[in-house]
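Novice: Got a structure for you, questions after.
The values are calculated or read from the model by the stated rules, or taken from the named source; none is laboratory data. Keep in mind the model is a prediction, meaning the values are calculated, not measured. Every residue, glycine among them, receives a Cβ derived from its backbone with ideal geometry; neighbour counts consider all protein chains shown. Quick note on the areas: whole protein, heavy atoms, side chains included, nothing else; ligands and nucleic acids left out. Shrake-Rupley method; radii C 1.70, N 1.55, O 1.52, S 1.80 Å.
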Amino acid sequence: AAEAASELARASGGDVTGASNAEAAAAGEIVVIAVPYAAQRALAREVRSEIEGKILIDVTVPLMPPKVARVQLPEGGSAVEALQRELGEGVRVVSAFQNVAAHQLSTLDEPVNCDVLVAGDDVDARETVCQLAKDIGITAWHAGPLANSAAAEALTSVLIAINKRYKVANGAGIRITGIPGQP
């Protein structure tokens, strides 16, 4: 984490600061939750008032150590969809980036070698997150309503199994093909 923070500081000209979760959530226009599944809901409740009216990008995957290469979705199907129900309509929850290996996102000088699925009930929020991904050089696809996040969450365990089986150091990813006008 320290190495990634150092890279981020260099890339941003040194404008990286620390803050509490609530302070960071209050300061951001778009807020990202990228924590283990066991911490997702508690963190969201902690910053609930600070994220009202904002887009919340949730990267959560319901991994259940030690069997992280086995799909184990929560009751109701999607960890992110359950979070949206808990937070209410005032927070525009969007699911994205679950299938991008952390290593790829932390290496700022190399392109991310996979696509991102973006799911959410608010189409404008989804579009904003797709554009954010595009701005950082990642191809993102509208993947439908937040309920579809269950597929991306499940796919992460499949990718972990592939990484283990084929000894993929940088993390296997996905590509969406067959879209007219796309490479």
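Novice: For region 96-109, give me the residue count where each residue is open to solvent by 50 Å² or more (accessible area, probe 1.4 Å) and modelled with pLDDT of 95 or more.
Specialist: So the answer is 0.
Novice: State all residues of region 73-98 that are farther than 24 Å from LYS134 by Cβ and in contact with a Leu (Cβ under 6 Å, 6 or more places away or on another chain); if no residue qualifies, say none.
Specialist: GLU81
Novice: Also, I was wondering about something else. Open to solvent by less than 40 Å² (accessible area, probe 1.4 Å) and either among the hydroxyl-bearing types (Ser, Thr, Tyr) or under 23 Å from PRO65 (Cα atoms) (or both), is that true of ALA140?
Specialist: Numbers: open to solvent by less than 40 Å² (accessible area, probe 1.4 Å): yes; either among the hydroxyl-bearing types (Ser, Thr, Tyr) or under 23 Å from PRO65 (Cα atoms) (or both): no.
Judged against the criteria, ALA140 is not a match.
Novice: Among VAL129, VAL80, VAL112, VAL93, which is the only one that is buried (at least 17 other Cβ atoms within 10 Å of the Cβ), assigned to a loop (DSSP other than H, G, I, E, B), touching a residue at least 12 places away in the same chain (Cβ under 8 Å) and out of contact with any Cys (no Cβ under 6 Å at 6 or more places or on another chain)?
Specialist: Details: VAL129 fails: assigned to a loop (DSSP other than H, G, I, E, B); VAL80 fails: assigned to a loop (DSSP other than H, G, I, E, B); VAL93 fails: assigned to a loop (DSSP other than H, G, I, E, B).
Going through VAL129, VAL80, VAL112, VAL93 in turn, just one is buried (at least 17 other Cβ atoms within 10 Å of the Cβ), assigned to a loop (DSSP other than H, G, I, E, B), touching a residue at least 12 places away in the same chain (Cβ under 8 Å) and out of contact with any Cys (no Cβ under 6 Å at 6 or more places or on another chain): VAL112.
Novice: Now, a different point. Any idea how many residues of region 164-181 are open to solvent by 90 Å² or more (accessible area, probe 1.4 Å) and either in contact with a His (Cβ under 9 Å, 6 or more places away or on another chain) or in contact (Cβ under 8 Å) with a residue 24 or more places away in the chain (or both)? Break it down into steps so the answer makes sense when it comes.
Specialist: Taking region 164-181 and keeping what is open to solvent by 90 Å² or more (accessible area, probe 1.4 Å), we get 164-167, 169, 175, 177, 180.
Then drop every residue that is not either in contact with a His (Cβ under 9 Å, 6 or more places away or on another chain) or in contact (Cβ under 8 Å) with a residue 24 or more places away in the chain (or both), which leaves 164, 169, 175.
Here the count works out to 3.
Novice: Now for a separate question. Conditions: (1) of a type in the set (A, V, I, L, M, F, W, C); (2) farther than 17 Å from ILE33 by Cα; (3) crowded, with 16+ Cβ neighbours inside 10 Å. ALA161 meets all but one. Number of the miss?
Specialist: Only one criterion in (1) of a type in the set (A, V, I, L, M, F, W, C); (2) farther than 17 Å from ILE33 by Cα; (3) crowded, with 16+ Cβ neighbours inside 10 Å is unmet by ALA161, namely (3).
Novice: Would you pick out the residues in region 62-77 that are within 24 Å of LYS164 (Cβ to Cβ) and touching a residue at least 40 places away in the same chain (Cβ under 8 Å)? Show your work before the answer.
Specialist: If we filter region 62-77 for residues that are within 24 Å of LYS164 (Cβ to Cβ), which is where we start, we get 62-74.
If the condition is that a residue be within 24 Å of LYS164 (Cβ to Cβ) and touching a residue at least 40 places away in the same chain (Cβ under 8 Å), then PRO62, LEU63, VAL68, ALA69, ARG70, VAL71, GLN72, LEU73 are the ones that fit.
Novice: When the residues of region 26-43 are narrowed to those that are open to solvent by 50 Å² or more (accessible area, probe 1.4 Å) and touching a Lys or Arg at 6+ places or on another chain (Cβ under 8 Å), which ends up modelled with the highest pLDDT?
Specialist: At the first step, the residues of region 26-43 found to be open to solvent by 50 Å² or more (accessible area, probe 1.4 Å) are 26-27, 29-30, 32, 34, 36-38, 41-42.
Now narrow it down to the ones that are touching a Lys or Arg at 6+ places or on another chain (Cβ under 8 Å): 29-30.
Details: GLU29: 94, ILE30: 97.
Restricting to residues being open to solvent by 50 Å² or more (accessible area, probe 1.4 Å) and touching a Lys or Arg at 6+ places or on another chain (Cβ under 8 Å), the top hit is ILE30.
Novice: Now, a different point. Please go through (1) in contact with a strand residue (DSSP E or B) (Cβ under 6 Å, 6 or more places away or on another chain); (2) part of a loop (DSSP other than H, G, I, E, B); (3) open to solvent by 70 Å² or more (accessible area, probe 1.4 Å) for GLU75 and return the number of the only condition it doesn't satisfy.
Specialist: Going through (1) in contact with a strand residue (DSSP E or B) (Cβ under 6 Å, 6 or more places away or on another chain); (2) part of a loop (DSSP other than H, G, I, E, B); (3) open to solvent by 70 Å² or more (accessible area, probe 1.4 Å) one by one, GLU75 breaks only (1).
Novice: Exactly one condition in (1) assigned to a helix (DSSP H, G or I); (2) open to solvent by less than 10 Å² (accessible area, probe 1.4 Å); (3) among the polar types (S, T, N, Q) is false for THR60; which is it?
Specialist: In the conditions (1) assigned to a helix (DSSP H, G or I); (2) open to solvent by less than 10 Å² (accessible area, probe 1.4 Å); (3) among the polar types (S, T, N, Q), THR60 misses (1) alone.
Novice: Hey, another quick one. Looking for something in contact with a Leu (Cβ under 9 Å, 6 or more places away or on another chain) and of a type in the set (Ser, Thr, Tyr) - is there at least one such residue anywhere in region 134-147?
Specialist: no
Novice: Still on this model: Among (1) open to solvent by less than 60 Å² (accessible area, probe 1.4 Å); (2) out of contact with any strand residue (DSSP E or B) (no Cβ under 6 Å at 6 or more places or on another chain); (3) at pLDDT 95 or above, there is one condition GLU46 misses while meeting the rest; what is its number?
Specialist: (1)
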